[in-house]
Amino acid sequence: MYTASDFKVTPKEAVQLQKQLREQVKLVPLEKAPVLIGGCDVSMNRFAKEGFAGFVTLTYPELVLIDHAVVKDTIPFPYVPGLLSFREIPMLAKAWERLKTKPDVLVVDGIGIAHPRRLGIATHLGLVLGIPTIGCAKSVLTGIYEEPGNEPGDISYLYDKYNKEEIIGAALRTKRNVKPVFVSPGHLITLQESIDLVYSCVRKHRLPEATRFAHNTVNEYRIADMQQVAL
């Protein structure tokens, strides 16, 4: 695993590091079928000095929560579009160390390879942790796509806006009459496997249970911390 010192870089250095790390990314089939699936999320204000990061582990395919870990820590990097991973991964790495039951595959609330330099937070985190990761974002950072059909499970591919033959992700309709989510492989998994796994984690809500549980868990921790500080 990378150490915190690997993230002590300037924004210019971070861009160069992304270009180097993208050469290490492997979009290959999973080595085994997952029995545990994880989700992670980070909660912070854009100009805050501290943030909250956490993971959840769920059984798969039942999606029963069996473990979680959340940390509060100093935010080490400024807010710069496209460099989110340098802001969030140091906190996530600390939360990962506290997570006793590690997942086989991790769904990240963010971008995988659907990134200008193909190194969104899901991809970068996959390299750091050395496990298969999937990016599942609520909006597009880069790329062009057509609206998928309105039926749950419908997809349309997300293409690089300069090279319209390069597929970098997919818009996935998880529920009828709701906005799609945007799935892109992070590391050690294929796009089709990423789409299938994300959709299989959808229950009553637009977002997959892995990231929904993670979001709720981190926010509960954050609210409790705020209440404690106010006392």
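Any residue that is surrounded by fewer than 19 Cβ atoms within 10 Å (Cβ to Cβ), at negative phi, under 18 Å from the mean Cα position of the chain (by Cα) and modelled with pLDDT of 95 or more - is there at least one of those in the stretch 128-138?
The answer is yes; a qualifying residue exists.
When residues of the stretch 95-128 are filtered for being farther than 22 Å from residue 222 by Cα and in contact with a Phe, Trp or Tyr (Cβ under 7 Å, 6 or more places away or on another chain), how many remain?
Residues flagged as farther than 22 Å from residue 222 by Cα and in contact with a Phe, Trp or Tyr (Cβ under 7 Å, 6 or more places away or on another chain) within the stretch 95-128 amount to 2.
Going by the conditions given, is residue 58 on the phi > 0 side of the Ramachandran plot and either assigned to a strand (DSSP E or B) or in contact (Cβ under 8 Å) with a residue 60 or more places away in the chain (or both)?
Answer is no for this residue.
Could you tell me whether residue 207 is at pLDDT 95 or above and in a helix (DSSP H, G or I)?
No: the conditions fail for residue 207.
Answer with yes or no whether residue 47 is touching a residue at least 24 places away in the same chain (Cβ under 8 Å), out of contact with any Leu (no Cβ under 9 Å at 6 or more places or on another chain), more than 16 Å from residue 123 (Cα to Cα) and among the hydrophobic types (A, V, I, L, M, F, W, C).
In short, yes.
Collect the residues in the stretch 135-154 that are of a type outside the set (S, T, N, Q) and within 23 Å of residue 119 (Cβ to Cβ), keeping them in residue-number order.
135, 136, 137, 138, 140, 141, 143, 144, 145
Let's see how each residue does on (1) farther than 21 Å from residue 173 by Cα; (2) surrounded by 14 or more Cβ atoms within 10 Å (Cβ to Cβ):
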position: 192; (1), (2): no, no
position: 195; (1), (2): no, yes
position: 206; (1), (2): no, yes
position: 211; (1), (2): no, yes
position: 219; (1), (2): yes, yes
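Inspect the stretch 116-126 for any residue being surrounded by fewer than 24 Cβ atoms within 10 Å (Cβ to Cβ), within 30 Å of residue 175 (Cβ to Cβ), of a type outside the set (Lys, Arg) and in contact with a helix residue (DSSP H, G or I) (Cβ under 8 Å, 6 or more places away or on another chain) and give the result as yes or no.
no
Could you pull out the residue among 160, 154, 225 that is of a type in the set (Asp, Glu) and within 29 Å of residue 95 (Cβ to Cβ)?
From the options 160, 154, 225, the qualifying one is 225.
In the stretch 6-57, what residues are of a type in the set (Asp, Glu) and farther than 14 Å from residue 132 by Cβ?
The answer is 6, 13, 23, 41, 50.
With 158, 197 as the choices, which residue is under 14 Å from the mean Cα position of the chain (by Cα), within 24 Å of residue 85 (Cα to Cα) and in contact (Cβ under 8 Å) with a residue 12 or more places away in the chain?
197
The values are calculated or read from the model by the stated rules, or taken from the named source; none is laboratory data. Only a predicted model underlies this, so the values are computations on that prediction, with no experimental measurement involved. All Cβ positions, glycine included, derive from the backbone under ideal geometry; neighbour counts span all protein chains shown.
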